[in-house]
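Chemist: Here it is: the structure, laid out below.
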Amino acid sequence: MTELNGTVSPTFEPVRDAVEDQLRSGAEVGLSLVVDVDGQQVVDLWGGHRDAARTQPWQRDTITNVWSITKNVTSLAALLLVDAGELDVYAPVARYWPEFAANGKQDVEVRHLLSHASGVSGLDHPARIEDLYDVRAAAARMASQKPWWEPGTASGYHVLNYGHLVGELVHRLTGQSLRDFVHQHIVQPSGADFQIGLRDADVERVTDVIAAPLDIAPPTLDHDTAAYKTFTGPPFEPGMANTPAWRAAELGGANGHGNARSIAEILAPIARAGAAAHGQLLKPDTIGLIFDEQSNGADLVSGMHLRWGIGYALPDRRTLPWIPDGRIAFWGGWGGSMAIMDLDRRMTISYVMNNMGADLLGSQRSAAYTTAIYQALDGGNPS
């Protein structure tokens, strides 16, 4: 019998049932799931196994690579600088990073980076994954490139380089690396068990990701498209997340390590008008910037129909029908993990797992859990 641990408040017992169903079926190997409603964790579950052979139990403090959920934290770092008056999302990137103006990018604004609309969604060829591990050098290369489409006209998902672009702004403004800024200003105040990269001391409690193939085949794409250039600049595969080099790197778009509890502790203030356990993290006006829609249409890289605000995706039932309309900011990690901040309900949903699905965003499991959560909360089915 696969063990599921933790607590749920009585209203949310159907959420536990949904998780147990996925564990019982074998679709879920190991996971953690947290629902925070106005500061109360009404769901805090973890269980299953850390390994594909199902021999090592997923513990309360098990962490894993959360893929693009990391982008949520990186976006929050940028919003902290906005809140402090140090960063203007409507200013040119070149105001803070002069080299970025090269090759016709002088009018690219900070909001374009934060909404995946900068035209720079990867490295020009030749590119290897190792190139991204030298963060400053990789950012310099991106600054020198021509955009792959007209910036601001459409989104093109910045799969692996989002943290390089936003992180360079953090570095230019503070002198700190993105990793250090996040640790000092987000992780330490919240007490969250989260890190960009992975400390050597935590290797023993990390679970490898269990890889699934990406449901996009770069060789079949037109080589002149932003999608092909992004998925091959550099090429990547899930198993890289289990390597020491990946874990040691600072990839603010893809290699955050944590669990559902830590993600919820970091992101829940967005859903609570900026209120955090340690004080006011963001002003409501700063949070309001998230909902300034920057694009609404087919993403040039992922192919999905997406609505991007500033730093976060906004609900779009054409892509994820199980996320309701309203003042909701979200994004997920490759294979199905998810972070949803619902400002209307002051609720944050955080789901992290090790067994990847084939989709870049969402999965049948995240859909099942999210649906159960909304049904339990307000009796409505988001689909």
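Chemist: Kindly list the number of the only condition in (1) touching a residue at least 24 places away in the same chain (Cβ under 8 Å); (2) in a loop (DSSP other than H, G, I, E, B); (3) under 25 Å from T207 (Cβ atoms) that fails for H116.
Modeler: (3)
Chemist: I'd like the residue in region 361-371 that is surrounded by 22 or more Cβ atoms within 10 Å (Cβ to Cβ) and touching a helix residue (DSSP H, G or I) at 6+ places or on another chain (Cβ under 6 Å) and, out of all such residues, is farthest from V34 (Cα to Cα).
Modeler: The extreme case among them is R365.
Chemist: Out of everything in region 303-316 that is under 19 Å from W334 (Cα atoms), not acidic (D, E) and not in a strand (DSSP E or B), what residue ends up being farthest from the chain's Cα centre (by Cα)?
Modeler: Selected residue: G303.
Chemist: Something else: Which number in (1) in contact (Cβ under 8 Å) with a residue 60 or more places away in the chain; (2) surrounded by 18 or more Cβ atoms within 10 Å (Cβ to Cβ); (3) of a type outside the set (S, T, Y) marks the one condition that P269 misses?
Modeler: Just one mismatch for P269, condition (1).
Chemist: Also: Check region 254-268 and report whether any residue there is more than 16 Å from I186 (Cα to Cα), in contact with a helix residue (DSSP H, G or I) (Cβ under 9 Å, 6 or more places away or on another chain) and not β-branched (V, I, T).
Modeler: yes
Chemist: Find the strands (runs of 3 or more DSSP E) located wholly in region 1-60 whose residues include 2 or more that are of a type outside the set (A, V, I, L, M) and crowded, with 20+ Cβ neighbours inside 10 Å, and list them.
Modeler: Answer list for region 1-60: 30-37, 40-48.
Chemist: Do any residues in region 123-151 that are without any contact (Cβ under 8 Å) to a residue 60 or more places away in the chain have Cβ atoms under 6 Å from those of residues that are β-branched (V, I, T), where the two are at least six apart or on different chains, and which pairs are they?
Modeler: Filtered contacts from region 123-151: M142/V120; Q145/V120; P147/V120; P151/V108.
Chemist: Which one of the conditions (1) assigned to a loop (DSSP other than H, G, I, E, B); (2) free of Cβ contacts under 8 Å to residues at least 24 places away in the same chain; (3) not hydroxyl-bearing (S, T, Y) does P321 fail to meet, given that it meets all the rest?
Modeler: Going through (1) assigned to a loop (DSSP other than H, G, I, E, B); (2) free of Cβ contacts under 8 Å to residues at least 24 places away in the same chain; (3) not hydroxyl-bearing (S, T, Y) one by one, P321 breaks only (2).
Chemist: Just to be sure before I move on: is G233 crowded, with 23+ Cβ neighbours inside 10 Å and farther than 19 Å from A313 by Cα in the structure I sent?
Modeler: Considered against the rule, which asks whether it is crowded, with 23+ Cβ neighbours inside 10 Å and farther than 19 Å from A313 by Cα, G233 comes out as yes.
Chemist: Answer yes or no: is there a residue in region 346-360 that is of a type outside the set (K, R), surrounded by fewer than 21 Cβ atoms within 10 Å (Cβ to Cβ), at pLDDT 95 or above and part of a loop (DSSP other than H, G, I, E, B).
Modeler: Within region 346-360, not a single residue is of a type outside the set (K, R), surrounded by fewer than 21 Cβ atoms within 10 Å (Cβ to Cβ), at pLDDT 95 or above and part of a loop (DSSP other than H, G, I, E, B).
Chemist: Okay, next question. Go through region 215-224 and report how many residues are surrounded by 12 or more Cβ atoms within 10 Å (Cβ to Cβ) and either in a helix (DSSP H, G or I) or at pLDDT 95 or above (or both).
Modeler: 1
Chemist: Find all pairs meeting these conditions: Cβ atoms under 8 angstrom apart; at least six residues apart or on different chains; first residue within region 281-294 and free of Cβ contacts under 8 Å to residues at least 24 places away in the same chain; second residue among the small types (G, A, S).
Modeler: The qualifying pairs are P284/A273; P284/G274; E293/G309.
Chemist: Name every residue in region 148-205 that is of a type in the set (G, A, S) and assigned to a loop (DSSP other than H, G, I, E, B), in order of residue number.
Modeler: Scanning region 148-205 gives G152, A154, S155, G156, G175, S177, G191, A192, G197.
Chemist: Which of the residues spanning region 277-302 are assigned to a helix (DSSP H, G or I) and in contact with an Asp or Glu (Cβ under 6 Å, 6 or more places away or on another chain)?
Modeler: Scanning region 277-302 gives a single hit, T286.
The values are calculated or read from the model by the stated rules, or taken from the named source; none is laboratory data. Here the structure is a predicted model, which means the values were calculated and not measured. Cβ: placed from backbone, ideal geometry, glycine included. Neighbour counts: every protein chain shown.
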